[in-house]
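Worksheet: the structure to be examined is printed underneath.
The values are calculated or read from the model by the stated rules, or taken from the named source; none is laboratory data. All of these numbers come straight from a predicted model, not from anything done at the bench. Every residue, glycine as well, gets a Cβ built from its backbone with ideal geometry; the counts of neighbours run over all protein chains shown.
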Amino acid sequence: MKWVLALALLGGLAYAAVTMSPRTAAKLAARGLRSGWDWVASLSHDATRAPPKRKAQAAAPPHRTTRDGIVPQPPKETLHPSDRAALDALVAEPKAARIGH
């Protein structure tokens, strides 16, 4: 009896794959995965117990906003001086660097 259900499920999936657009199929798959995950997550909680509260996070330091409303980005990572020298040498002479390896 289980094989009939499995066969019907596979037939339905094949029919949906042929007739449905990829965009619609992706939306339905995402919706199905989300609802399935919500169902599995709900099994672990007691109905009488409240969900756990989130811990308060430390407030982020205030950003200075320019007149245009643009918040400056944090500084990018810096390279170690030896790495910077190797990168500069590679950029300056890429052909010579390739020949050496």
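Could you identify the single residue in 97, 56, 47 that is modelled with pLDDT under 80, in contact with a helix residue (DSSP H, G or I) (Cβ under 8 Å, 6 or more places away or on another chain) and either surrounded by fewer than 10 Cβ atoms within 10 Å (Cβ to Cβ) or of a type outside the set (Val, Ile, Thr) (or both)? Step by step, each of 97, 56, 47 is checked, and only 97 is modelled with pLDDT under 80, in contact with a helix residue (DSSP H, G or I) (Cβ under 8 Å, 6 or more places away or on another chain) and either surrounded by fewer than 10 Cβ atoms within 10 Å (Cβ to Cβ) or of a type outside the set (Val, Ile, Thr) (or both).
Could you tell me how many of the residues in the stretch 1-44 are of a type in the set (Gly, Ala, Ser), surrounded by 10 or more Cβ atoms within 10 Å (Cβ to Cβ) and part of a loop (DSSP other than H, G, I, E, B)? Residues in the stretch 1-44 being of a type in the set (Gly, Ala, Ser), surrounded by 10 or more Cβ atoms within 10 Å (Cβ to Cβ) and part of a loop (DSSP other than H, G, I, E, B): 0 in total. Taken over the stretch 59-81, residues that are of a type outside the set (A, V, I, L, M), at pLDDT 70 or above and surrounded by 10 or more Cβ atoms within 10 Å (Cβ to Cβ) amount to 0.
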